[in-house]
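Student: Before I ask anything, let me first share the structure, which is written out below as structure tokens.
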Ligand code: SF4
Ligand code: SF4
Ligand code: SF4
């Protein structure tokens, strides 16, 4: 990497929520801008010299040829490509609309930060690791662990179909902490125990199809029909 890492931030088909997360890092933004050579961030400024990049952050799913063209161009210029947001990582809501695909289906992705939108803390941790020349670490635990740490009453006991055990942690169990069952917006956990989740949910009358259908809202094809993580 050059002295100041050359960074580019790009959006494919998306709502721009993940790019906004970066812009909303108000307390840290000046330090970030001082530490990197920002080569492209169309949403934030008009002078974008582009060229070779050390790291490209890409938000959004691929839904059209212009997305694919931009993605291919970015991949050819970037040392590392980081997918930001569930649309980029798993297809997300554009997948649900029937035509969005995760960027890893088109190019090699070096690291993924899921979330709809991504969590500020995870983005800052990733930037910090990259500035030190390291790749960030994928969080190894599911939402259920964070939910347990917060001492929430489990919504499964209320008969709700909560996908926290299969979903990547990092949001601090935001929804169950407000009494709302997890819909899996962060995509698959690293090593989801689908069999166990299926057995528990079966007690409340839910079928494997019910679980996979709920997870597919954000994960797209992130789970096989046997419940294994794909991608
Ligand atoms: S993951 Fe969520 S916040 Fe990010 S682009 Fe997709 S819909 Fe928007
Ligand atoms: S409420 Fe959901 S996230 Fe919390 S422990 Fe139960 S299944 Fe896991
Ligand atoms: S849907 Fe699940 S993963 Fe997404 S914010 Fe809510 S609890 Fe977290």
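Any read-out appearing in this document is the output of simple, stated calculations on the displayed coordinates, not a laboratory observation. This one's a predicted model, so the numbers in the text were calculated from it and none came from an experiment. Neighbour counts run over all protein chains shown; Cβ positions are idealised from the backbone, glycine included.
Student: May I ask what percent, to the nearest 5, of DSSP beta bridges between residues of the chain are antiparallel?
Tutor: Once the DSSP bridges in the chain are tallied, antiparallel ones form about 20 percent.
Student: Sticking with this one: So how far apart, in nm, are the two label points at residue 73 and residue 27 if each is 7 Å from Cα heading toward Cβ?
Tutor: 3.7
Student: While we're here: Hey, how much of the P(r) for the chain falls beyond 22 Å, as a percent of Cα pairs?
Tutor: That fraction is 52 percent.
Student: What FRET efficiency would be calculated for the residue pair residue 52, residue 221, taking the C-beta separation as r and a Förster radius of 25 Å, to the nearest 0.05?
Tutor: 0.15
Student: If we count other beta carbons within 10 Å of each Cβ, what is the order of 36, 74, fewest first?
Tutor: The most exposed by this proxy come first: 36, 74.
Student: Using Cα pairs under 8 angstrom and six or more residues apart, how large is the relative contact order of segment 143-219, in percent?
Tutor: After rounding, I find 32 percent.
Student: A further question on this structure: Need the full-extension length gain, residue 120 to residue 177, defined as separation in residues times 0.36 nm minus the C-alpha distance. One decimal, nm.
Tutor: Full-extension gain reported as 18.7 nm.
Student: With the chain treated as a Gaussian network of Cα nodes joined by springs under 10 Å, which of 144, 171, 154 yields the largest mean-square fluctuation?
Tutor: Among 144, 171, 154, the largest mean-square fluctuation in the Gaussian network model of the chain belongs to 154.
Student: Taking the chain as the reference, fit the longest principal axis to its C-alpha atoms, fit the long axis of helix 194-203 to the helix C-alpha atoms, and give the angle between the two in degrees, 0 to 90, nearest 10.
Tutor: The angle comes out at about 40 degrees.
Student: Before rounding to the nearest 500, sum -39500 (n - 2.57) across all DSSP H runs of length at least 4 in the chain and divide by the residue total; then give [θ] at 222 nm in deg cm²/dmol.
Tutor: One gets -10000 deg cm²/dmol as the mean residue ellipticity at 222 nm.
Student: Separate question: With a/c under 1.5 counting as rounded, go ahead and sort segment 143-219 into rounded, prolate or oblate using the C-alpha gyration tensor (a ≥ b ≥ c being the square roots of the eigenvalues; past the cut-off, prolate if a/b is larger than b/c, else oblate).
Tutor: Taking the square roots of the gyration eigenvalues as a ≥ b ≥ c, segment 143-219 is oblate.
Student: Report the Cα centroid-to-centroid distance between segment 139-161 and segment 167-197 in angstrom, as an integer.
Tutor: Taking the Cα centre of segment 167-197 as reference, the centre of segment 139-161 is 7 Å away.
Student: Further question on the same structure: To the nearest 0.05, what FRET efficiency results for residue 150 and residue 228 with a Förster distance of 30 Å applied to their C-beta separation?
Tutor: Step by step, r from the Cβ atoms, then E = 0.60.
Student: Quick one: 33, 215, 137, 201, fewest Cβ neighbours within 10 Å first, how do they rank?
Tutor: Lowest count first: 137, 33, 201, 215.
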